[in-house]
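Here is the structure we will look at, set down as structure tokens.
The values are calculated or read from the model by the stated rules, or taken from the named source; none is laboratory data. Everything quoted here is computed from the prediction, not taken from an experiment. With ideal geometry, Cβ positions are generated from the backbone for all residues, glycine too; neighbour counts draw on all protein chains shown. When the accessible area is computed, the model is the full protein with side chains, heavy atoms only, and any ligands, DNA or RNA have been set aside. Shrake-Rupley method; radii C 1.70, N 1.55, O 1.52, S 1.80 Å.
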Amino acid sequence: MKTLADLKKIREKAQEDLKLRGGNVRIKIVVGMGTSGIAMGAREVMKTFLEEIAARNLSDVLVTQTGEKGLSSMEPVVDLIEEGKPKVTYGNMNPDKVKKVVVEHIVNGRVVSDYVVATGD
Amino acid sequence: MSLKHIDLLICCGSGCISAGALKIKERFHEVLKEHSATNEVNIIETGCMGPCDYGPVMVVYPEGIFYKKVTPDDVEEIVTEHFIKGRPVTRLMLQEDDKTFSAQKDVPFYQKQIKVALENCGYINPESLEEYIATGGYEALGKVLIEMKPQDVINEIKASGLRGRGGGGFPTHIKWQMVHDKKDDEKYVICNGDEGDPGAFMDRSILEGDPHRILEGMMIAAYAMGASMGFFYIRAEYPLAIKRIKTAISQAKELGLMGDNIFDTDFCFDAEVRTGAGAFVCGEETALIHSIEGERGNPTPKPPYPAVKGLWGKPTVVNNVETFGNIPTIFLKGAKWFASMGTEKSPGTKVFALTGDIRNTGLVEVPMGTTLRELIFDVGGGMIGDHKFKAVQLGGPSGGCLTVEHLDTGVDYESLKERGSMMGSGGVIVMNEEKCMVNVARFFMEFCVEESCGKCSPCRIGLKQMLTVLDRITNGHGREGDIEELQRLGESISKLSLCGLGQTAPNPVLSTIRYFRDEYEAHIRDRSCATKVCNDLMHYDIDKDRCIGCSLCARNCPVDCISGSREEKYTIHQVDCIKCGNCFDVCPVKAIDKLPGMHPDVVAHRSELSKAVNQYEDL
Ligand SMILES: Cc1cc2nc3c(=O)[nH]c(=O)nc-3n(C[C@H](O)[C@H](O)[C@H](O)COP(=O)(O)O)c2cc1C
Ligand code: SF4
Ligand code: SF4
Ligand code: FES
């Protein structure tokens, strides 16, 4: 470690590990974990998100969960929240759909309208 | 990257550890394993999060949910409900006045706080250099070494207006300049982590919670002054602080942030930890220096100041832990930013350890100039129960007490001093109406008598004399003129003592006389302690109308001084009573009263005794 650039490199890597505590987050994924959501495979959905994001090294994407969800007929439900854009809610999710959302929406910035069940607040 | 989607920060500051934080941490490991969720959660031990009274506390990210008073039995629910199903456990959140505060940032305790020295405390893992770096750590050092000349560094500190947080409030830049200007082959920088005041735990918490920050601050100081060696003086009672600093030093060395040619410049630096045996006087800088030299920890007269002739006769700067804790941020955010907080003469923030009869005891950091009312009632949450605020002692045994009329005083060096108190290192003891101020003064005096190193006579003999007078006032032998005697002694001890211990030790007595003179007078003239704290100046009495003659009190009296019968009811023989309070506690019908004042029988008995002594002396 000899220069400020070296330090910066260490810092950037370390900041990834601190991401959950409020780092630079571009997109927040909120997986609905209501009882019916879990029954319909919400944990699998969340795990797939985590795996896909880790595999692609998307350090500015945060996956979190919530216990309160109202759309029980379309569980598992997932919200994608992006700074300055309306919230997008996907319904009836499964691992395959998750992979598509990651590639299309998160990486390429194109909403996968087929799965969308609501937008905005 | 990992699959972990939760950071669980468990406070492992001393308060939470004594409330069982480590057991809870173990339990989390077990329960996560049982649910095969170990790979979903990072468990991170942090330093003190502040609200120690709520301990054990923890924060769960990304939501920032704050849980308090968690027990091992709650862990299962947190894991299954919150971690697995995403439903935070409401019953473990702070609930006040029908409101639930789920996120840490909303908890009222944090509202008026601004954290500079405590920025990372309770937020990062203190044993991880990477986490410190992630928060901007060592960037200030790099910037200073690469881009600034030592004199620029001192100028920046001057512009920030930073004053020493160890008690005196001495401008930091002046000390640094003095050492900078001395030409010498060796110079030293010392971090004062002695923290001897009863009730103080600020420095300990910072050392435990964010050790790299202190190390970085020390290195910037060393560069500014041209020192290449530093010492951390930490009392042996703080083993975790010692361990954390040692870990920080070796991590910094491993990464090349310490050692030779740091950031590829000419600056070389090494640091060592020295442990102190826990004497209050060893926090005084000259005593501390002698203690590091291996001599007895006795103060020596100043001048020469350590800046001129310090450790092994070399120019030395001694700074407090919190002082160093402010330095990296001053260079990251700029002197202007720092000076914009606080008051004109006391810029920045101050860390306080809130203790005593308030609801939120703990570790806080507020801008200088915050009023005592905000500190005690907003941050501290006000008094416990229905009790009333009576006084607050700032600055520990060297400080003074302030009262209700001072609640709107802002805390800064000058305002407190004008009113007979002082900033001190940041211990704040809040007292309710049940506290006897004479007794409080006596407590601090006893502490100083024990801690006096005995080198100079005003302190060694004078303080002992003050204690004798206070003893006699509190045990009912006070005399007319005792108050004046205390003032006379106090003022001369302040003037004549060699070091700060003796110079400030009379403060608690002088300030309580200033603001609670009537209590001293009642103790002396009426032989009465209104708060019933001083045993000799209160008594227990059985109300015959309420007494049912059950004899329970008599059977529980350790000195057999209660007699009577079912018909006659029971009576205390006041002269023999040792005020143990057993009778008061056991009486099933609460027929026993605790009353202020010496019982007339005892007054009469004492005057008989003293007559006998006088007659004997007359012979
Ligand atoms: C009896 C006595 C005890 C002291 N204890 C401490 C202490 O525990 N920690 C501390 O930083 N300063 C303590 N001081 C003040 C130090 O002498 C010194 O002024 C201080 O460490 C300077 O650092 P600062 O300029 O950063 O405040 C004490 C002073 C006296 C007289
Ligand atoms: S004032 Fe007290 S503690 Fe200080 S040198 Fe004198 S005797 Fe020692
Ligand atoms: S206070 Fe103790 S010693 Fe006094 S009368 Fe009651 S039980 Fe006996
Ligand atoms: S030790 Fe946990 S909050 Fe202070």
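Where strands (runs of 3 or more DSSP E) fall wholly inside the stretch B:326-397, the ranges with 2 or more residues that are under 25 Å from B:G136 (Cβ atoms) and either of a type outside the set (K, R) or modelled with pLDDT of 95 or more (or both) are B:349-356, B:362-367. What single numbered condition from (1) surrounded by 24 or more Cβ atoms within 10 Å (Cβ to Cβ); (2) within 13 Å of ligand 1 (Cβ to nearest atom) fails to hold for B:R235? Unmet condition: (1).
In the stretch B:20-50, the qualifying residues are those that are in a loop (DSSP other than H, G, I, E, B) and surrounded by fewer than 22 Cβ atoms within 10 Å (Cβ to Cβ), and the one that is farthest from the other protein chains (Cβ to nearest Cβ) is B:G20.
Applying the condition of being among the hydrophobic types (A, V, I, L, M, F, W, C) and open to solvent by less than 10 Å² (accessible area, probe 1.4 Å) to the stretch B:51-64 and asking which residue is nearest to the chain's Cα centre (by Cα) yields B:V57. Looking only at residues that are more than 11 Å from ligand 1 (Cβ to nearest atom) and open to solvent by less than 30 Å² (accessible area, probe 1.4 Å) in the stretch B:171-187, which one is nearest to the other protein chains (Cβ to nearest Cβ)? So the residue we want is B:K187.
The set of residues from the stretch B:261-299 being crowded, with 21+ Cβ neighbours inside 10 Å, assigned to a loop (DSSP other than H, G, I, E, B) and in contact with a strand residue (DSSP E or B) (Cβ under 8 Å, 6 or more places away or on another chain) comprises just one member, B:G297.
Could you list, in sequence order, all residues of the stretch B:82-100 that are open to solvent by less than 50 Å² (accessible area, probe 1.4 Å) and either in contact with a Ser or Thr (Cβ under 8 Å, 6 or more places away or on another chain) or under 13 Å from B:E63 (Cβ atoms) (or both)?
First, pick out the residues of the stretch B:82-100 that are open to solvent by less than 50 Å² (accessible area, probe 1.4 Å): B:82-84, B:86, B:88-89, B:92-94, B:96.
Scanning the stretch B:82-100 gives B:H82, B:F83, B:G86, B:P88, B:V89, B:M93, B:L94.
Scanning the stretch B:239-274 for residues that are polar (S, T, N, Q) and under 15 Å from B:P211 (Cβ atoms) turns up B:T247, B:S250, B:Q251.
Consider B:G259 carefully, then state whether it is touching a helix residue (DSSP H, G or I) at 6+ places or on another chain (Cβ under 6 Å) and within 14 Å of another protein chain (Cβ to nearest Cβ). Walk me through it before giving the result.
On the way: touching a helix residue (DSSP H, G or I) at 6+ places or on another chain (Cβ under 6 Å): yes; within 14 Å of another protein chain (Cβ to nearest Cβ): yes.
Yes.
Test B:Y110 against the criterion of being in contact (Cβ under 8 Å) with a residue 40 or more places away in the chain and facing chain A (nearest Cβ under 9 Å), and give yes or no. No; evaluated as a whole, the condition is false for this residue.
Kindly provide the set of residues from the stretch A:98-117 that are in contact (Cβ under 8 Å) with a residue 40 or more places away in the chain and buried (at least 16 other Cβ atoms within 10 Å of the Cβ), ordered by number.
First pass over the stretch A:98-117, keeping only residues in contact (Cβ under 8 Å) with a residue 40 or more places away in the chain: A:98-99, A:102, A:106-107, A:117.
Matches in the stretch A:98-117: A:V98, A:V102, A:I106.
Would the stretch B:325-348 turn up any residue that is more than 22 Å from B:I157 (Cα to Cα) and touching a residue at least 24 places away in the same chain (Cβ under 8 Å)? No, the conditions are met nowhere in the stretch B:325-348.
Taking the stretch B:1-19 only, how many residues are more than 14 Å from every other protein chain (Cβ to nearest Cβ) and either small (G, A, S) or surrounded by 21 or more Cβ atoms within 10 Å (Cβ to Cβ) (or both)?
If we filter the stretch B:1-19 for residues that are more than 14 Å from every other protein chain (Cβ to nearest Cβ), which is where we start, we get B:11-19.
If we keep only those that are either small (G, A, S) or surrounded by 21 or more Cβ atoms within 10 Å (Cβ to Cβ) (or both) too, we end up with B:11-16, B:18-19.
Total satisfying the criteria: 8.
Within the stretch A:1-19, residues that are closer than 27 Å to B:L3 by Cα sit with their Cβ atoms under 6 Å from residues that are surrounded by fewer than 19 Cβ atoms within 10 Å (Cβ to Cβ) and among the small types (G, A, S), at 6+ positions apart or across chains, in these pairs: A:Q15/A:G23. Quickly run through the stretch B:300-317 and pick out the residues that are outside any loop (DSSP other than H, G, I, E, B) and open to solvent by less than 10 Å² (accessible area, probe 1.4 Å). Once the filter is applied, which keeps residues that are outside any loop (DSSP other than H, G, I, E, B) and open to solvent by less than 10 Å² (accessible area, probe 1.4 Å), the stretch B:300-317 yields B:L311, B:T316, B:V317.
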